[in-house]
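Participant: First, the structure itself, so that you have it in front of you.
Readers should treat all values here as calculations from the given coordinates under stated rules, not as data from a laboratory. All values derive from a computational prediction rather than experimental measurement. Don't worry about glycine lacking a Cβ; one is built from the backbone with ideal geometry, like all the others, and counts go over all protein chains shown.
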Amino acid sequence: MDNIKLVSRATKERTIIEVGELKIGQKFILIAGPCSIESEEQMLKTAYAVKQAGANILRGGAFKPRTSPYAFQGLGLKGLKILEKIGKETGLPVVTEVLDTRDVSWVCEYVDILQIGARNMQNFSLLKEVGKTNKPVLLKRGMYSTLAEWLNCAEYILNEGNPNVILCERGIRTFETYTRNTLDLSAVPAIKELSHLPIIVDPTHSTGKVSLIPPMSLAAVVAGADGLIIEVHHNPAEALSDKDQALRPEEFAVLAQQVMNLKKYMEDLA
């Protein structure tokens, strides 16, 4: 991986990314919220529930890149305004995905973290544009990407002057059809060997099944992940996207407690 210079572990031991009072890479974080921002009421109910359960950051999609052009595409600017309002009301930093280079500057006005989704991991123009901002960037691994390709995409962002990149393993496409994707947990310790950037895990999109989210979340903790990003909806049955893989608030509360208990146990063993 000779081309990977700025993100290489050889350049520094660890990057700590500050988002408000949070120090990502130093303290384990929980990011939670719905796939899509659907209404202010939906976001408010979900946000308070995940905060009470221990979430540190609120997620919600204002722009949704969907497989079908007829599927719900998100509320756009209206959704961003809702997300910003709910974030301030609950005291939670917020993260949302940005899809287009033309949107980066004004999306930055509403959120604390910019997300680059799996489908855009190698959108090099978009990577350069978020690299010109001072916003932390959550960079998801592409579903067909190697670790070297993923890290090179992070390199694009750092090369533009933005050192605040959080990597996110969200599953890769294999021949397996039972799960939505195949969660590559080996990526967590591998990335920690190769890079100083923090890495979190998305057990929601990787498995696509509510029943698999808890065990894979706990496995991610053991693997050494710096955090988790989990979809939670106050009423999954009525969700406009990803209803089959969203936890109910009470399910998230149980999982969050299990995760933090396990994290503390591991720290005590160290």
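Participant: What ratio of Cα Rg to 2.2 N^0.38 Å holds for region 10-81?
Facilitator: Details: Rg = 15.6 Å, N = 72, 2.2 N^0.38 = 11.2 Å.
Taking the Cα Rg and dividing by 2.2 N^0.38 Å, one obtains 1.39.
Participant: Continuing with the same structure: Straight distance only, please: which lysines reach the Cα of Lys88 with their own Cα at less than 24 Å, same-chain residues fewer than 8 apart left out?
Facilitator: Of all the lysines, those that pass the test against Lys88 - Cα under 24 Å, at least 8 places apart if same chain - are Lys23, Lys27, Lys45, Lys51, Lys64, Lys78, Lys135.
Participant: Separate question: List the DSSP H helices in the chain whose Cα atoms stretch 27 Å or more along the helix axis and whose mean Kyte-Doolittle hydropathy is at least 0.5. Before the final figure, lay out the partial values.
Facilitator: Working: long enough: 249-269 (30 Å, -0.25).
In the chain, no H run is both long and hydrophobic enough.
Participant: Kindly give the semi-axes, whole Å and largest first, of the ellipsoid equivalent to region 17-269, taking each as the square root of 5 times a Cα gyration tensor eigenvalue. Walk me through the numbers before you get to the answer.
Facilitator: On the way: eigenvalues 102, 101, 70 Å².
They are 23, 22, 19 Å, listed largest first.
Participant: Packing-wise, with mean Cβ within 10 Å as the measure, how do 137-148, 169-180 rank, highest first?
Facilitator: Packing proxy ranking, top to bottom: 137-148, 169-180.
Participant: Three principal axis extents, largest first, for the C-alpha atoms of region 83-126, in Å?
Facilitator: Principal-axis extents of the Cα atoms in region 83-126, largest first: 34, 19, 10 Å.
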